[in-house]
Every structure is written in structure tokens, then in C-alpha cells.
Number of protein chains: 2
Amino acid sequence: MPSPGPGPLSLVPFVSVADMMALVNGIGAERFLVELAAYIEADFRRWHMFEKTPRLATHSKEGVIELMPTSDGVEFGFKFVNGHPLNTRDGRQTVTAFGMLANVRDGYPVLLSEMTILTALRTAATSALAAKYLAPKGSRTMAVIGNGAQCEFQVLAIRALCGIDTVRLYDIDARATEKAAHNLAGSGISVVACASSQEAVEQADIITTCTADKRNATILTDNMIGSGVHINAIGGDCPGKTELHRDILLRSDIFVEYEPQTRGEGEIQQLDPGHAVTELWQVIAGQAAGRRDAGQITIFDSVGFAIEDFSALRCVRDQLARIGQPSKLDLLADPDDPRDLFGMLRRAAQTAGAAE
Amino acid sequence: MPSPGPGPLSLVPFVSVADMMALVNGIGAERFLVELAAYIEADFRRWHMFEKTPRLATHSKEGVIELMPTSDGVEFGFKFVNGHPLNTRDGRQTVTAFGMLANVRDGYPVLLSEMTILTALRTAATSALAAKYLAPKGSRTMAVIGNGAQCEFQVLAIRALCGIDTVRLYDIDARATEKAAHNLAGSGISVVACASSQEAVEQADIITTCTADKRNATILTDNMIGSGVHINAIGGDCPGKTELHRDILLRSDIFVEYEPQTRGEGEIQQLDPGHAVTELWQVIAGQAAGRRDAGQITIFDSVGFAIEDFSALRCVRDQLARIGQPSKLDLLADPDDPRDLFGMLRRAAQTAGAAE
């Protein structure tokens, strides 16, 4: 009699939170960020090969739940992710996520992975990639406004790809700044805790805004931004949620991930829909100019796009060998005869009955 | 020092294939189908409360991969599902699936479940629900054309909800019919293996077509269908894939799940986009007529809609107590301080280092 236990086709490799931490720590967070950025860069270079759609978002008064699918024709990937700024009041993450890769050929999942940590890493890697192409040459100092879960990843990624040596931190909650400063101690980066956004951005070549609260829609005002800086605007990422004053946008060259999605979600929702923006992949692929001169203000209006998650899942899949055999989930039914799903169910009942 | 192990918020209940089989067998497949149909019926009655969108489909020459999200404002659910008709050649399922329920309030997943078996069950439960409202009174005989993975579930669900006592089976592969007849032996249903579709539909009150191959676009021709029958057309469910000759559609009253999705995927892709159809929920909620007379031909042009999967996930979640404590996945990062994701990662490295 055929065994009712899971067959080999039914098992999907699974990367838990513990596995992801072991993987990242085994490689080293900074090196992992560099490798991840290389995967994103490679996928941005072959942008035309991907099926692209704005993410599917379900908004509620508390936050948003999103599905972010894409495919390069060989593999299909998607991420489930939420954004709930008030979650931290109950000890929950603002953003949690998981994702999957599947074969396009047969539709079978090949990897299920936690993506809360991976999303933090890929967001930072994408920002660093943008800064690599857009920040002023010889940037030494970065500022981070918003010192929550994304902050340290931003600093390490931008140090790794752009070589900054000083970071200036500000958060409306001083304990968040303290937490980030503590975590960055010993990293070799000089950390300056600041008393205001204004103070934090002074002398900064690269500014990252990564705040979570929708109610603070203007983290940076026009007078705070001098010439010759690059801004990664991370926190403005859904309808009604922005961080930069409109006047800054009007003085800047704006780079986005995928224009049809960013129009509704990014800083540019404050602008006329016809306002010119450049997709970052165009700069990476050499099809559009990045920074043209030292005085220019460049903004990477980042909202997070499905291809970055696809790159991240590819990167994790390729590194899986490093964490040994991952655990596997009994996720897919695998009857001996694929048409005999009902028979598999019935045989499982018989086996269970026989064991009683 | 805080523990780097998974915290309670990071663990998501997981229903594996083995768990699902134990759940369904523990309740009994037929009774489970009845309970599941009740969940679908209840959700169809409150149709207006749901966020609805046609599923997001990625088509390739081999098949399709789909994401099917919906929300009732309290919970969000989605299913990942593929459809690859040629998969059975390699011992793989045509359709595999898994899905998730999450809280809208905080975006946290509350259930991850296999849905290959559950999709087969919910498809059958939905067909039976349609037949309950649309089939001729006193239906005794059903025909099933296509005796693959969906066949036996259709028969049991329709027997449970509509009380048929005879099923007539046909498949282009006689081994599939043999498999289904074998599985239905002892069910108390009289099973007749037929040599053609024509023979199978003779004397049938209810006809289910559930074939998988896109190349056979006309399973039923006009001359085969007399008056006074109900047809569940299950297999025509994506662009270019249909089962019924257009002339049958023109003589019938057509019921669909969600019109904007079915226009592109169902049998009605053969008709003018203005051709009138009725959404099944309207009949269930008493807002539209179902069967008006004994001679009418009714067609449930079923493609599968996200709300049915949402109902199925709700049903499984509510039954979880019956299988004891489900296993839990370490899927969500849960740092002691939700803003300190980086610190959690770093502490995990220190703990791993100390253990060496």
C-alpha cells in the first residue's frame, strides 16, 4: 500500500527567522548586504525581462497589507508584507513579511522564507545601491532621520557601498537614537546623536529618512537641505504618507523604482503626475544620467518594489548551502498518482484507523 | 541577556498536508464539505463587505501562477495557486496551493495552511452550493466529465447538498475513470463508467465538467445538452481555456462568481462582454432569481474566487482545535524591542558564538 507520508515533491525548503539570522550572521551583515546589493543590481540591469505591476495593497485605518509579485519568466516570486506604524505600541513590528519563490515551468514553490529581516536588508541594500550611483563623490557623512528598525541596516549598507565614516542620528524618541548608537558602537563608524533633524543633516552628504508615522508628513523642510546632497526617502511609501516638503522635490532630480507604483505611494504623490522622474534601473543600465554635478540634489524616492524582493529571495536561495540543509515544510500534496488526490486522503484515513 | 529564540509573536500556526488530511478525515470528507459550504454560503451572503479584485495571474506557456487576495475588513486572506495541466506527466499535481489568513488590525499572519487539498474541497463545496440553488428539484443523477483530482470531491459534495444517488463518469483516459470508480465504491452512490461524454450526460440532471487540458476546448457540444439540466463548468478557468460550446451558453442562464474576473477566465469569454450573467451571491442573498422552471438550462461558470478560499481558511482555522495544537512556524521576527531588529540579529550572532 502506498505510504501516506509526505512525498519528496511535497516538501518546500523553509528559511525561518532563526535560519535567516544564522545565514546573515554566518556571512556577516555587511558582507551579506554587499552580496544582496549585487543581486539587486544584476536584476535591475535586466529590468525588461520582468513582469511588473504595482503591488496589490489592502488599506485599513491601522495600516496596509500588500502582496508584491514579479517574475523573470523562469521563476515567480512574491512577498506578503504589512505596514502598521502603531504596532510597536503592542510590542509588534511595524513591518513583517514572508515570501516565496516558485518555478514558472511547473508552478511548484521552491523556497518559503521569512522576510521581516530580509526586507530590512533589501531596503538598505537598495538605498545603498541608489547612493552608489547618485551620491556626491567622496561622501563621508550620512544622516539618518528615524532611528527605528531600518536605521542600522541603512548605515551598514551605505558604509559598505559608499564608504561613509560618520553617521548623524535623530529620532523624535531619544531612546531610538540611543538604541541605534549602541548597536553601531564598535562598527568603526563615528556616531553623532543629534537633537533635531536640522542638526542631523548639517554637513551630511547622504540623508536617509526612514520614519514610520503617517502623521508627521514633513520630516525635512526646504531650508534644511543645501546643495550637493543625496536623499534616500524611505518612509514615505503609501498614499498619504510622505516625509519631504514639496519644495525640496521641486529643486531635486528624482529617481524611483517603478514609476506606476511610486506615483501613488512615494514622495512624488505631492507632485503633478507629469513631473519627470527617472527609474533607477535606467541609471544602473547606463540608459539615463545619474548625478551630473556636485551641486545637484538627488532624491531616491524609495517605496520598495517586488523585483528587490525577488533578488533577495534568489540571494537567500543561492546561499542556502551555507546553512546546511534547511528545514522543509509538508506544504504540497504529493499523491502517488497526481490525479488521485481523493485516494491519498482516503488512504491517510485508513492508515490512521489501522494505527488506533 | 534577552533570549534570541523565537518569541511568542513570531510563531504562526501551520496546517501541513498531513494535518489537513487528519482534519478532514477526522470530521469525515462529506461532513467537512457540508460545513465548508456553509462558510462559503455565509460569506456569499455578506458579499458587499469584501474587498474584491480579479486574481493576479502570471501566465506562461506551461501554465499559470495566481495570487488571490481578499479581505472582509477584519481579516485578510490570500492564496497562492498554480495551474499546470502538463504537470501530471512528471508526477506533479496540476493545481497546488497554499494560503494565509492575517489580522487587518496589525497585519500579523494568524494561519498558514496547505491549500492543495483545501482547494479541491472548496471548489467542490462551491459547485454543490451552486447546484443546491440552481439544479432541478429532485435531481438524482449527475455526470462528471473529467475524472481527475477534482472528480470524487464533486460527487461527494453534490450528493451531500443535493442528494444525488447515481454518478456517470467519463474521461478520455479510462484509467482516470477506473480510479474514480474505485474511490467511490462503498460510498453508496451508484457509479456508471461511460464510453463517451455523450453517454455520460444522458439522463443526468447535474453535469460537472472538470477537465484540465487547454487543447480540448469543447467538452460538451450543443446537441448533447437537453433541457432541464444544471451544468457546473469547472475546468474552463483561464484565458483560452473553455469546455462548453458557445451555443450551449446562448440557450442557458449563466451564473458566475465575480463577473470582472470571470469575463476574462470563464466560459463567457466566448460571449459578447455585454451578455447578461448573474453573480451567484445574488441568488443566495435572495436578490436575483435562480432556477425559474424545470426546462431551463443553468450554468455555473466557475473559475474559483478569492472569497471561497477566505471562507475555507476561516473554516480550517475554526476547526483547528479538533486536530489539537497545530505546529507553529518561526516565520515572523519578534525582537524584545520592536524597533531593535538589528540588535536581535546581533545578539543571535553573540549567542551562536558563545555556544561554539
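The values are calculated or read from the model by the stated rules, or taken from the named source; none is laboratory data. No experiment lies behind these values; they were computed from the predicted model shown. Positions of Cβ are generated from backbone atoms using ideal geometry, with glycine treated the same way; all protein chains shown enter the neighbour counts. To get the accessible areas, we keep the full protein, side chains included, count just its heavy atoms, and leave off ligands, DNA and RNA. Shrake-Rupley method; radii C 1.70, N 1.55, O 1.52, S 1.80 Å.
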**Message:** Quick test for you: out of A:G235, A:G286, pick the one residue that is assigned to a loop (DSSP other than H, G, I, E, B) and open to solvent by less than 20 Å² (accessible area, probe 1.4 Å).
**Reply:** A:G235
**Prompt:** Picking from A:D253, A:D272, which residue would you name as being in the same structural domain as A:T141 (by TED's automatic domain parsing), open to solvent by 30 Å² or more (accessible area, probe 1.4 Å) and more than 24 Å from the chain's Cα centre (by Cα)?
**Reply:** A:D272
**Request:** From (1) touching a residue at least 12 places away in the same chain (Cβ under 8 Å); (2) more than 14 Å from chain B (Cβ to nearest Cβ); (3) surrounded by fewer than 19 Cβ atoms within 10 Å (Cβ to Cβ); (4) assigned to a helix (DSSP H, G or I), pick out the condition that doesn't hold for A:G295.
**Result:** (4)
**Prompt:** Just wondering, is there one or more residues in the range B:110-123 that are in the same structural domain as B:F14 (by TED's automatic domain parsing), over 28 Å from B:A38 (Cα atoms) and surrounded by fewer than 24 Cβ atoms within 10 Å (Cβ to Cβ)?
**Reply:** no
**Prompt:** For the range A:51-110, which strands (runs of 3 or more DSSP E) that fit wholly inside it have 1 or more residues that are under 24 Å from B:G343 (Cβ atoms) and within 7 Å of chain B (Cβ to nearest Cβ)?
**Reply:** A:75-83, A:97-103
**Prompt:** Scanning for something at the interface with chain B (Cβ under 10 Å from one of its Cβ atoms), open to solvent by 10 Å² or more (accessible area, probe 1.4 Å), part of a helix (DSSP H, G or I) and on the phi < 0 side of the Ramachandran plot, does the range A:29-43 turn up at least one residue?
**Reply:** yes
**Request:** Specify which of the listed residues (A:E265, A:E243) is buried (at least 17 other Cβ atoms within 10 Å of the Cβ), closer than 26 Å to A:E114 by Cα and assigned by TED's automatic domain parsing to the domain that holds A:L220.
**Result:** A:E265
**Request:** Could you tell me which numbered condition B:A333 fails, if it satisfies all but one of (1) open to solvent by less than 10 Å² (accessible area, probe 1.4 Å); (2) modelled with pLDDT of 95 or more; (3) of a type in the set (G, A, S)?
**Result:** (2)
